[in-house]
Amino acid sequence: MTTPAPPAAPGPGRVQRWQERATTARTAAERRFPVITDLTARLLSVNVLDAATRLAAQLFLTAVPFMLVAAAFTPQGVRDQLLTSARDVFGLTGASEQQLRQLYGAQGAGENGVRQATGVIGALVALLAATASSRAMGRVCQRAWQLPKPPARLAVWRWFVWIVAWVAVLVLQGPMRGGFGAGLWLGIPLVFLVDVALWWWTQWLLLNGRVPWLPLFPGAVLTAGAMTALSVTARIYMPTALNRSLATYGSLGSVFTLLSWLIAICVVITVSLTAGAVLATQPPLAGPLNRAGRPPRT
């Protein structure tokens with residue numbers, strides 16, 4: 001019985017025809033869907049997962065400790081509001097809420113000790129370290145818009161302003177989410193509008209004003225919409241995940257859960273800002289958005 005011969009390998013002519021067809025299809029896709037192809041290329045150049053992980057790590061290691069140190073120097077009402085905001089934003093219940101209260105209680109009981117241990121110089125050092133988060137966010141914005149890194153002497157004050165402004169907004173998250181007493185029907189739209197303004201301002205500030213205001217608007221809207229959706233999801237997912245982690249792994253489990261959620265948030269931020277930059281530079285938005293302003297400066 002003869003063994004059938006293996007199929008012949010495609011000849012050079014057939015391979016060339018396949019390559020030509022692939023090139024033609026790619027060219028047609030780029031011509032028909034320029035936004036999708038440009039967004040794909042931009043996301044690959046940004047390296048979304050790497051940028052988001054770096055941003056999440058900086059926020060977790062520098063911004064969160066700065067919030068704890070800053071809380072020791074604020075009035076009791078501000079600390080109470082920070083606790084309420086953290087509980088409302090994540091919808092904490094059960095063991096996770098109890099752990100948050102224990103952390104807050106320990107911090108409140110040791111307020112004078114924290115002040116004496118850190119002092120004004122220590123608080124300033126914590127603020128200086130927290131600007132690493134500002135620099136990481138600035139790099140995300142620069143990669144999204146494909147702009148070079150600005151000189152530090154022009155950007156350093158922006159790092160401090162950004163981190164302080166964000167801490168202030170986080171303190172107010174609880175009242176805004178509740179619509180200042182009116183309920184979620186007002187709170188959710190209010191949070192969305194505040195997020196739009198905040199992300200619009202964030203891009204302009206950390207890009208050193210090198211991009212006009214109008215082209216930054218699509219990224220602000222996309223990021224605000226995604227963050228608002230994530231805030232609603234957090235109230236559903238985070239209480240169960242945190243309580244399960246606490247029951248299984250103790251306090252260390254809650255750290256892993258929070259860090260994982262923070263990475264997911266940073267991925268959404270990176271993708272949204274990049275998508276907004278692409279939309280602002282591609283038809284049909286490129287013309288109206290850039291007609292009223294100057295082109296991005298390098």
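Just a few scattered comments:
- Hz values of 3J(HN,Hα) by residue in segment 57-71 - Karplus curve (6.51, -1.76, 1.60), Gly and Pro given as x: 5, 5, 5, 6, 8, 10, 6, 5, x, 4, 4, 5, 5, 5, 4
- Residue-count net charge about residue 160 - beta-carbon cut-off 15 Å; Lys, Arg +1, Asp, Glu -1: +3
- Sequence ranges 147-158, 53-64, ranked by mean other-Cβ count within 10 angstrom, highest first: 53-64, 147-158
- For peptides 126-133, 267-274, sequence by mean Cβ density within 10 Å, most packed first: 267-274, 126-133
- Couplings for segment 272-284, taken from phi via the Karplus curve 6.51 cos²θ - 1.76 cosθ + 1.60 with θ = phi - 60°, read 5, 5, 5, 4, x, 5, 5, 4, 6, 10, 10, x, x Hz in order; Gly and Pro are left as x.
Just so you know, all these numbers are worked out from the coordinates, no wet-lab data involved. If you're wondering where the values come from, they're calculated on a predicted model, not measured in any experiment. Cβ sites come from the backbone with ideal geometry, for glycine too, and all protein chains shown count toward neighbours.
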